[in-house]
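Below: the structure, in structure tokens.
The values are calculated or read from the model by the stated rules, or taken from the named source; none is laboratory data. A quick note: this is a predicted structure, and the numbers were derived from the prediction, not measured. Note: ideal-geometry Cβ built from the backbone for every residue, glycine included; neighbour counts use all protein chains shown. Calculation scope for accessible area: heavy atoms of the full protein, side chains included, ligands and nucleic acids excluded. Shrake-Rupley method; radii C 1.70, N 1.55, O 1.52, S 1.80 Å.
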Amino acid sequence: MSQKLSEVAGGRAFRDRSHLTMADILELRCVIGDCRYSSDELRYTCPVHGEIGTLDILYDYENLARRLDRDEISASREPNCWRYRPLLPIAPDSPVPPLDVGWTPLYPAPRIAQALGIKRAVIKDDGANPTGSLKDRASALVLTRALEQGFTTVSTASTGNAAAALAGLGASLPAIEIVIFVPSSAPSAKIAQLLVYGAEVLLVEGSYDDAFELCMETCEAEGWYSRNTGVNPFTTEGKKTAALEIAEQLAWQPPDAVIVSVGDGSIISGLYKGFYDLKRLGWIERMPRLIGVQAAGSAVLADAWSAGLDARDIRRRPVTTIADSIASELPRDRAKALRAVRETGGAYLTVSDDEIERAIPQFARLSGVFVEPAAAATFAGAQRAVTAGLLDRDESVCLLMTGNGLKDVERARQVVSGGTRVAANIAAVQQALKSSRCDD
Ligand SMILES: *Cc1c(COP(=O)(O)O)cnc(C)c1O
Ligand SMILES: [Zn+2]
């Protein structure tokens, strides 16, 4: 192994306060080397490999498969991610945040399929989560874990959505303090959301990656629980519920491919883990190909993929894109994210900011679902995937829409035109309608 000394020194651990033992957790396994840890020495990342050595929470699948029945889960009335509680690393009776996270709608999207030129498309609308993005899934699980462990302060760095998720779900619980590190350049709607929920908000004069480092350092110094993406293995476990839902909502027949936009690579890693768990349980026959879409200006993972780089050789570099949720200079979950695509026979691809902007109204007009730029990138990426031959005409695809359009109204407003000023009388209205029809 050729890891750098600084990475070895970077291993981050915390003391487990409850010595909670969950019979079904087999072990925590490092994504880089063959390092295994037991569930009662829970850590953030592998002490041998440091920050690149993110951990998988693995279960006793044989035992779970004997005990659990997917039809029983399908019969559950819980309209949220807790319907999968037996597949999550929390105690059976742990209190969870009261808001309904997950179990978001999955819509058939025939006009999207037609526009793409493929047989079947479905949309998984994670913008319908309580705070408007998929990040709620990770925050809900991390907060449950924090409560189990007796932490009173939970903190994260974020480009906006992870912070909103933590702040909102934190506000749904009594006696949990939330501290957020966010780049001061985040869209103002996202910052407003944090402040509305009452989180302590630190506007870092720097990039998301600067905010991330600062947050990790402060968590260590102050003894707070860190929700930071990738570093905390519970984030992957929370995000995997999106895959569990996609499978269940399609009667355990996953599509040929799932497409999702990628920044830190945590969502695509979570999807991989969810489908992996289901495959190990024998509940699905095969895992869908995972196709990750990056913005051309923030394509660290896509470039590493094309170059065949090992995750350990990825270096931080400056990035820029209008899709703030997928801007990442050093994707935190890079090791798991490369694996997700490699092991499923998927791919990474990039789309330009222009394509992302165009995709916002295009997608909304073909589906009725208004998404933020980072999610519009997924639709732009699906178009590219078809042209690049990554998706066949007779295949089915799920577009995972990760964030609500109301998250970044300013950007949306810049990419659509129209709206006709009229005097407040019907003659003026009729005149305006006549001339707008002539325009068509
Ligand atoms: C966080 C986020 C992504 C990217 O997820 P990663 O885990 O960083 O790859 C995509 N879209 C939206 C809306 C997000 O909030
Ligand atoms: Zn390791």
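Quick notes
- Residue within segment 84-98 that is touching a helix residue (DSSP H, G or I) at 6+ places or on another chain (Cβ under 8 Å), without any contact (Cβ under 8 Å) to a residue 60 or more places away in the chain and crowded, with 16+ Cβ neighbours inside 10 Å present: yes
- Just one of the listed residues (383, 362) is more than 13 Å from residue 293 (Cβ to Cβ), open to solvent by 20 Å² or more (accessible area, probe 1.4 Å) and either of a type outside the set (Phe, Trp, Tyr) or not assigned by TED's automatic domain parsing to the domain that holds residue 120 (or both), and it is 362.
- Subset tally (residues that are surrounded by 13 or more Cβ atoms within 10 Å (Cβ to Cβ) and part of a helix (DSSP H, G or I)) for segment 394-438: 12
- Selection within segment 32-54: residues that are more than 23 Å from the chain's Cα centre (by Cα) and in a loop (DSSP other than H, G, I, E, B). The member of this set that is surrounded by the most Cβ atoms within 10 Å (Cβ to Cβ) is 49.
- Residues in segment 59-83 that are among the basic types (Lys, Arg) and either more than 21 Å from the chain's Cα centre (by Cα) or open to solvent by less than 10 Å² (accessible area, probe 1.4 Å) (or both): 66, 67, 70, 77.
- Strands (runs of 3 or more DSSP E) wholly inside segment 89-202 that include at least 3 residues being under 21 Å from the mean Cα position of the chain (by Cα) and closer than 25 Å to residue 264 by Cα: 120-125, 153-157, 177-183
- Any chance residue 157 is free of Cβ contacts under 8 Å to residues at least 40 places away in the same chain and not assigned by TED's automatic domain parsing to the domain that holds residue 393: no
- Residue, least open to solvent (accessible area, probe 1.4 Å), within segment 275-298, restricted to residues that are within 22 Å of residue 374 (Cα to Cα) and either assigned to a helix (DSSP H, G or I) or among the acidic types (Asp, Glu) (or both): 298
- Once segment 299-316 is narrowed to residues that are part of a loop (DSSP other than H, G, I, E, B) and surrounded by 12 or more Cβ atoms within 10 Å (Cβ to Cβ), the residue that is nearest to the chain's Cα centre (by Cα) is 299.
- Of all residues in segment 371-394 being in contact (Cβ under 8 Å) with a residue 24 or more places away in the chain and of a type in the set (Val, Ile, Thr), the one that is nearest to ligand 2 (Cβ to nearest atom): 378
- Sub-9 Å Cβ pairs linking a first residue in segment 50-63 that is touching a residue at least 40 places away in the same chain (Cβ under 8 Å) to a second residue that is of a type in the set (Phe, Trp, Tyr) and within 16 Å of ligand 1 (Cβ to nearest atom), at least 6 apart or interchain, are 57/234, ordered by first then second residue.
- Test: residue 318 is more than 13 Å from ligand 1 (Cβ to nearest atom) and touching a Lys or Arg at 6+ places or on another chain (Cβ under 9 Å): no
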